[in-house]
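Here the structure is laid out as structure tokens; the discussion comes afterwards.
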Amino acid sequence: MRIDKIYQKLKEQYSEDEIAESYMIPETGTVKEDETQYAISKYREERLNQMSDHEKVVSKIISLKFQIVEYVKEQSFSFQKTFGSFLLEYIEALGRSRKEISKELDLHYTKLSRIINDREEPSIELCYRLEKHSGELINVLNWWQLIKKKEEFILSQNIELKREEQKKVSNSLTISD
Amino acid sequence: MQLFNRKKDDWIEAKIEKATQEDFALVKSSDEFFFDWTKERKRMVFKMLEVSKGNILGLISVTDFPEELRLHINLLESSKSNVGKNKIIDGIAGSLIAYVVSKAFEKGYNGFVSLIPKTNLIEFYIKMYGFIRVGNALIIEGEQSIKLIKKYYKS
């Protein structure tokens, strides 16, 4: 069935508000799509030129937030996408130096560098500080999930420790297949 | 994400994923959707699933305009059980739109999303979601996009 026919059918059953509440039906009849798409393009171009530095920074931070959200959802873990690497991207998005950020977070410069370079694990305290520092755009859970994802990966890979520790266990439950 | 089930007076867990070829066949054979979603299969289509049952609650078709840094919504449909006064689950459309807006942030588009809806529906989208009018089209970006995400897609 064509889009307009479906729209007519929906109008017989529902009010306009009820339709709008559950659908986005494109205009196909009266609107010249090419012209409208061109108008949107022109407007987009103008808005890009008008964006303030602050808007650009906020936009980058939210972009980073959703990159974290999507990465955390993924099954796989990457050493290129750790808390440290996202923290580095965060600092770069703000356009501030590591020295400035370490002061703003009340964190020793060396400690910050070690976390960025994955030589030291971040704490939950730092996650809370970063939430506040990002104007709550990247929340404490977003940061914490990055730590958890790495820990889970390391846990699954530590075969030696698993073997060693499990040697110490006796009288374990037997589960039949 | 959580959506409100009006019949059970409780919240349900839902998630949004890319639709697969199997989904298009499933949607076509089900009685829950009016539109022919197989026509959208070459576009980017996302489905919203009810986590506990695995059923599709809604679909949204999107086109990426990377040179303009924007996403364009082509079509959105909630399943029939979730339309009108007797609908079971609230907020399907809003959550799908907010998800696309989050994608527009993730891609570095400052949450810029456009659509060209039926003229009679324009006012509703402006009031409900904070879109603004550009000729016959509607757009959302920046702060309004952040507000929309906070309302419909907490993450």
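The values are calculated or read from the model by the stated rules, or taken from the named source; none is laboratory data. Being a predicted model, the structure only gives us computed values, none of them experimental. Positions of Cβ are generated from backbone atoms using ideal geometry, with glycine treated the same way; all protein chains shown enter the neighbour counts.
So is A:LYS99 more than 10 Å from chain B (Cβ to nearest Cβ) and free of Cβ contacts under 8 Å to residues at least 40 places away in the same chain or not? So that I can check it myself, show each step before the final result.
Numbers: more than 10 Å from chain B (Cβ to nearest Cβ): yes; free of Cβ contacts under 8 Å to residues at least 40 places away in the same chain: yes.
So A:LYS99 passes the test.
Sort out which residues of region B:124-146 are more than 7 Å from every other protein chain (Cβ to nearest Cβ), of a type in the set (Gly, Ala, Ser) and under 22 Å from B:PRO66 (Cα atoms), and write them in order of number.
Once the filter is applied, which keeps residues that are more than 7 Å from every other protein chain (Cβ to nearest Cβ), of a type in the set (Gly, Ala, Ser) and under 22 Å from B:PRO66 (Cα atoms), region B:124-146 yields only B:SER145.
Within the group B:LEU76, B:LEU115, B:LEU121, which residue is surrounded by fewer than 24 Cβ atoms within 10 Å (Cβ to Cβ), free of Cβ contacts under 8 Å to residues at least 60 places away in the same chain and more than 19 Å from B:ARG6 (Cα to Cα)?
Just a single option satisfies the conditions, and that option is B:LEU121.
Just to be sure, is B:VAL45 hydrophobic (A, V, I, L, M, F, W, C), assigned to a helix (DSSP H, G or I) and either in contact with a helix residue (DSSP H, G or I) (Cβ under 8 Å, 6 or more places away or on another chain) or within 7 Å of chain A (Cβ to nearest Cβ) (or both)?
Taking the combined requirement at face value, the residue does not satisfy it.
Answer yes or no as to whether A:LYS5 is out of contact with any Lys or Arg (no Cβ under 8 Å at 6 or more places or on another chain), facing chain B (nearest Cβ under 9 Å) and either surrounded by fewer than 16 Cβ atoms within 10 Å (Cβ to Cβ) or not acidic (Asp, Glu) (or both).
no
With respect to A:ILE19, determine if the residue is at the interface with chain B (Cβ under 9 Å from one of its Cβ atoms) and touching a residue at least 40 places away in the same chain (Cβ under 8 Å).
No, not satisfied.
For region A:59-80, give me each residue that is in contact (Cβ under 8 Å) with a residue 12 or more places away in the chain, more than 14 Å from B:VAL101 (Cβ to Cβ) and among the charged types (D, E, K, R).
Answer for region A:59-80, where residues must be in contact (Cβ under 8 Å) with a residue 12 or more places away in the chain, more than 14 Å from B:VAL101 (Cβ to Cβ) and among the charged types (D, E, K, R): just A:LYS60.
Can you tell which of A:THR82, A:THR36, A:THR110, A:THR28 is of a type in the set (Ser, Thr, Tyr), closer than 30 Å to B:GLU67 by Cα and more than 10 Å from chain B (Cβ to nearest Cβ)?
Of A:THR82, A:THR36, A:THR110, A:THR28, the one residue that is of a type in the set (Ser, Thr, Tyr), closer than 30 Å to B:GLU67 by Cα and more than 10 Å from chain B (Cβ to nearest Cβ) is A:THR82.
Please state which one of B:SER102, B:SER114 is touching a Lys or Arg at 6+ places or on another chain (Cβ under 7 Å), facing chain A (nearest Cβ under 7 Å) and closer than 29 Å to A:ASN49 by Cα.
Result: B:SER114 is the single residue among B:SER102, B:SER114 that is touching a Lys or Arg at 6+ places or on another chain (Cβ under 7 Å), facing chain A (nearest Cβ under 7 Å) and closer than 29 Å to A:ASN49 by Cα.
Residues to consider are B:LYS53, B:LYS39, B:LYS28; find the one that is more than 11 Å from every other protein chain (Cβ to nearest Cβ), closer than 16 Å to A:ILE3 by Cα and surrounded by fewer than 19 Cβ atoms within 10 Å (Cβ to Cβ).
B:LYS28
Would you mind listing the helices (runs of 4 or more DSSP H) fully within region A:43-153 where at least 3 residues are surrounded by fewer than 16 Cβ atoms within 10 Å (Cβ to Cβ)?
Where helices (runs of 4 or more DSSP H) fall fully within region A:43-153 and carry at least 3 residues being surrounded by fewer than 16 Cβ atoms within 10 Å (Cβ to Cβ), they are A:53-73, A:98-104, A:109-116, A:124-133.
Scan region A:114-136 and report the pairs whose first residue is under 21 Å from A:GLU55 (Cβ atoms) and whose second residue is loosely packed, with under 14 Cβ neighbours inside 10 Å and modelled with pLDDT of 95 or more, with Cβ atoms within less than 8 Å and a gap of 6+ or a chain change.
Once the first residue is under 21 Å from A:GLU55 (Cβ atoms) and sits in region A:114-136, its partners that are loosely packed, with under 14 Cβ neighbours inside 10 Å and modelled with pLDDT of 95 or more give A:HIS133/A:GLU104.
Could you grab me the full set of residues in region A:1-40 that are under 26 Å from B:LYS47 (Cβ atoms) and at pLDDT below 90?
A:MET1, A:ARG2, A:ILE3, A:ASP4, A:GLU27, A:THR28, A:GLU33, A:GLN37
Which one of B:LEU75, B:LEU121, B:LEU71, B:LEU59 is at the interface with chain A (Cβ under 10 Å from one of its Cβ atoms), on the phi < 0 side of the Ramachandran plot, at pLDDT 95 or above and under 16 Å from the mean Cα position of the chain (by Cα)?
Testing whether each residue is at the interface with chain A (Cβ under 10 Å from one of its Cβ atoms), on the phi < 0 side of the Ramachandran plot, at pLDDT 95 or above and under 16 Å from the mean Cα position of the chain (by Cα) leaves just B:LEU75.
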